[in-house]
1. Once you place label points 7 Å from the Cα toward the Cβ at Gln65 and Leu21, how far apart are they in nm?
2. Nearest 10 degrees, 0 to 90: what angle lies between the long axis of helix 244-266 and the longest principal axis of the chain (Cα atoms)?
3. Fewest to most neighbouring Cβ within 10 Å: what's the order for Leu308, Leu106?
4. Step by step: find N for the stretch 190-326, compute 2.2 N^0.38 Å, then divide the Cα radius of gyration by it. What's the final number?
5. Angle, helix 159-183 long axis vs. longest principal axis of the chain, Cα atoms, 0 to 90°, nearest 10?
6. Across every pair of different alpha-carbon atoms, what Kirkwood hydrodynamic radius in Å does the stretch 113-174 reach?
7. Once you order the gyration tensor axes a ≥ b ≥ c over the Cα atoms, which shape class does the stretch 27-67 get: rounded for a/c under 1.5, otherwise prolate or oblate by comparing a/b with b/c?
8. Shape of the chain from its Cα gyration tensor (a ≥ b ≥ c, root eigenvalues): rounded if a/c is under 1.5, otherwise prolate when a/b > b/c, or oblate?
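Rule-based calculations on the coordinates, nothing more; no lab input. Remember, predicted model here, so these are calculated numbers, not experimental data. Here the Cβ is made from the backbone with ideal geometry for all residues, glycine too, and neighbour counts use every protein chain on show.
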Amino acid sequence: MNRSLEPASPDVRSRPLAATLLMLGCLAALAAGLVWSVSVGAATIDLKTVWAAVFTPNPELTAHQIIQEVRLPRVLSGAMVGASFAVAGAIMQGMTRNPLADPSILGLNAGASLFLVLTFVLRPGTGYTELILISFCGAGFGAALVYGVGSLARGGLTPVKLALAGAAVAALLASLTSGLIITFNLAQDVLFYTAGGLQGTRWEQVRLMLPWFGAAMVGGLALSRSVTLLSLGEDVAKGLGLRTGLVRALCTVVVLLLAGASVAVAGGVGFVGLVVPHVARALVGLDYRLILPSSALLGALLLVLADLGARMVNPPFETPVGLLTALVGVPFFLYLARRDKRGM
């Protein structure tokens, strides 16, 4: 980043030692969770076979085929999706100073899902690369609609008003999505996207998501210092020479890349981007150079474990991952809304 985007920032309360310990702990827990998730399913596979299937795969063995073609892409995409939603939520909360900001609450997930369903209606058989691009556009449409509705409120846009606008717009877009699904009999084709889940994920999705995920993560980390300044307030950021309009535009692009690609892979998995950044902020302090990588690891761990739980709640059937994350996220959202009195 150039100097105009990255001025010298003031001292911000941070806990680098706590962040280091947290990230190391998350890495260890994530590695264990990935191994556990690969070994558990409709058929339980022992760890020795998992090791052999990963490092010396034999395509003639059924267990190796299950791990290579079904479980590995699923757990890897789950880790990327969880990290993406968590980092997107952290950036949104920092740049808007809105503790309720989250891709699902602010319409990104609902907009992406609507555009995906419209694509299934108008252009069935669309390739996966095009679906990712369409998902980006839908996420941007949802976010723009939420901010447009929220800005009409008397007294300006406040965190609670923005959350209420997001809830209303998300409900509207979800109703339109459901109507299209029923009208065109698309339940089997798009249930995965509307409920949220990782079942059916293959290497194609992993390979196509990986470059978007990598580019957005690098961009987010490059902007992390600027996000810290934005989180201190518009006047402080401008006083330190930050070009706030440009930084917000770049942050928006990063968020759309992360949320759009994630919805195209896993559907509308909500509340990861709401809960995880708050946990990371409480543990590592207010510096987004620590919050973003911590959120990425915590989000990856959360979704890998949620996906594992989705397979274990009612075997051999699967519970939507979005339902499990909502069980945690909805009470947390209500707690934050009750605590935040601004704009009430």
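1. With each label placed 7 Å out from Cα toward Cβ, I get 4.8 nm.
2. Helix 244-266 sits roughly 20 degrees off the main axis of the chain.
3. Working: Leu308 21, Leu106 34.
Lowest to highest Cβ neighbour count: Leu308, Leu106.
4. Working: Rg = 16.9 Å, N = 137, 2.2 N^0.38 = 14.3 Å.
Dividing the Cα radius of gyration by 2.2 N^0.38 Å gives 1.18.
5. With rounding to tens, the tilt is 40 degrees.
6. Numbers: mean 1/r = 0.0787 Å⁻¹.
Here the Kirkwood hydrodynamic radius works out to 12.7 Å.
7. Working: a/c = 2.79, a/b = 1.61, b/c = 1.73.
Oblate shape, in that a/c is at least 1.5 and b/c is the bigger or equal ratio.
8. Working: a/c = 1.85, a/b = 1.31, b/c = 1.42.
Oblate, because a/c is 1.5 or more while a/b does not exceed b/c.
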